[in-house]
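Here is the structure we will look at.
Each value in this text was obtained by applying a stated rule to the coordinates, not by laboratory testing. Predicted model only: the values in this text are computed from it and were never measured. Note that each Cβ is placed from the backbone with ideal geometry, even for glycine, and that neighbours are counted across all protein chains shown.
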Amino acid sequence: MRLSTQQNIQSMPLEIFNTTRKPLPEALLRRVVEEVLVSEGCAVDNIVGVYCGRKMIRRINREFLQHDYATDTITFRYNDGPDVDGEFYISLDVIEENAGRFGTDVHQELLRVTIHSALHLMGFDDRTTEARNLMQEKEEFYLSHLPVIE
């Protein structure tokens, strides 16, 4: 993996939306997604990130994936190739619960799940133990090495 430098990130069509009343570091989250994609050899074609509450993510999970529960993130990729077109949804309520359950800081969990979502957009999955371990390794790498997080 190679980390990009700030100069290599061009203005890309990546939109972040917060549908909750909770504060959200939108500029930081946008930079994290961009850094992960560029470092993995991809670019943003068109990505929408929606940070929402439990009800919204449960509704999306039920409607599109036939799972009737709230989850931390759901991603949808609409194309193939290195230029990513897709969207992701992250539940801030589930992030807070998971931070408490895992004994981590809410901000750190928010960054981890945002990185996880970016990896899903590029085609990484976590359906098997091996794939899940790879994603977790990448999450840890970016959490500890991204200049925007330091």
Taking 8 Å as the Cα distance limit and 6 or more residues as the minimum spacing, I'd like the relative contact order of the stretch 10-145 as a percentage.
22 percent
When the scattering of the stretch 10-145 is computed by the Debye formula from its Cα atoms alone, each counted once and equally, what is log10 I(q)/I(0) at q = 0.09, 0.14, 0.15, 0.19 Å⁻¹?
-0.24, -0.60, -0.70, -1.18
Compute the distance in nm between two label points, each set 7 Å from the Cα along the Cα-to-Cβ direction, one at ARG127 and one at ARG21.
4.0 nm
Taking the Cα atoms of the stretch 89-150 alone, what are Rg (to one decimal) and Dmax (as a whole number) in Å?
11.6, 31
Taking trypsin sites (Lys or Arg not before Pro) as exposed when DSSP calls them loop (any state but H, G, I, E, B) and at most 10 other Cβ atoms lie within 10 Å, what is the longest stretch of the chain free of them, the sites themselves excluded?
22-126
